[in-house]
Amino acid sequence: MDAFFLQQLINGVTLGSVYGLIAIGYTMVYGIIGMINFAHGEVYMISAYLCAIGLALLSFFGLQSFPLLILGTLVFTIVVTGVYGWTIERIAYKPLRNSTRLAPLISAIGMSLILQNYAQISQGPRQQGIPTMLDGVFRFHIGEGFVQITYTKVFILIASFAGMLLLTWIISNTRLGRMCRAVQQDRKMASILGINTDRIISIVFVIGASMAGLAGVLITMNYGTFDFYAGFIIGIKAFTAAVLGGIGSLPGAMLGGLILGIAEAQFSGMVNSDYKDVFSFGLLVVILIFRPQGLLGRPIVAKV
């Protein structure tokens, strides 16, 4: 296998795994309430700032060990972004739950703008960053070339797939997961059977925001820089991944993220990085033409 192709494949899987984490938030919210949380990208953006704040606080108190430093930062970021997810649901969605379908959509877009401007005012408009936390690289010689993967990318792959597997296990094997699946299938019947649907919807927002928080820490570790506008682009990419895999399908969000990340990386390396977004959205259009429900989504059957 060509070394350059394999290198781009590694880069694509790393990027796609993070897309998948963020896409989980979109697909879970859509699966529960049938609406898109357009403030989800800004939750990821907030998590990047929280990552830097967490690292600064832990370093200030003398914590220098990388495992403890990153573990503390992850816990801090995931908990706080979970609170943001709960707040968004309470402010932007719950009061409009019985309203028209357009009202919560507009409310979510408004919440997105509020969070974006809140970050700009509180943290400043300039790009910010964190230092490299994990040095080192694995290098493999293949033919006349070589492939390398940094320790940071190895950590990103392990952490992202561990997060996906943990969430899959929770949804598939726990009481909370069964209640989430029941609410997704029929919210009214689930309520009749004694499930507190309002609480389940709030928990789903918290879970989605927590996955975005994990993604925010991982991407910030990889690229090192972020700003108040970072959530817009990656939010649209993650939404594309969710639609590509099948909106409402948890495995579909993961698969869509991986496909989108690999496609972007290969196109950037072999054709032109300036048009990678055009290629990504073009791929989405092609998939939706031939499979409108996405790769793993269920077809919608019209009721007669």
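Think of segment 1-290 as having a plus end and a minus end, set by charges on the Cβ of Lys, Arg, Asp and Glu; of Ile233, Leu260, Met35, Met35 sits farthest toward the positive end of this dipole. Around Ser191, what is the net charge, scoring Lys/Arg as +1 and Asp/Glu as -1 over all other residues with Cβ under 13 Å from its Cβ? Combined, the nearby Lys, Arg, Asp and Glu give +2. Sorting 149-156, 18-25, 189-196 by their mean Cβ neighbour count within 10 Å, with the most densely packed peptide first, gives 18-25, 149-156, 189-196.
Highest mean first, the peptides 91-97, 272-278, 163-169, 205-211 sorted by other C-beta atoms within 10 Å per residue fall in the order 205-211, 91-97, 163-169, 272-278. Between 0 and 90 degrees, the angle of helix 151-173 with respect to the longest Cα principal axis of the chain falls at about 20 degrees. Taking Lys and Arg as +1 and Asp and Glu as -1, the other residues whose beta-carbon sits under 11 Å from that of Ser172 total +2. The residues of segment 1-73 expose, per residue, 34 Å² of accessible area to a 1.4 Å probe.
Within a straight-line Cα-Cα reach of under 19 Å, Lys276 can be paired with the following aspartates and glutamates, leaving aside sequence neighbours fewer than 8 residues apart in one chain: Glu264. Set against the labelled values (1) 14.7; (2) 21.3; (3) 18.0, mean projected area of the Cα convex hull in nm² computed from this structure falls on (3).
For segment 91-151 and segment 227-304, compute the distance between their C-alpha centroids and round to whole Å. Here the answer is 17 Å between Cα centres.
Within the accessible area of segment 1-290, the carbon and sulfur atoms contribute 67%, probe 1.4 Å, all protein chains present.
The values are calculated or read from the model by the stated rules, or taken from the named source; none is laboratory data. Note that the structure is predicted; figures quoted are calculated from it, not measured. When we count neighbours, we look across all protein chains shown, and the Cβ atoms used for this are built from the backbone with ideal geometry, even at glycine. Quick note on the areas: whole protein, heavy atoms, side chains included, nothing else; ligands and nucleic acids left out. Shrake-Rupley method; radii C 1.70, N 1.55, O 1.52, S 1.80 Å.
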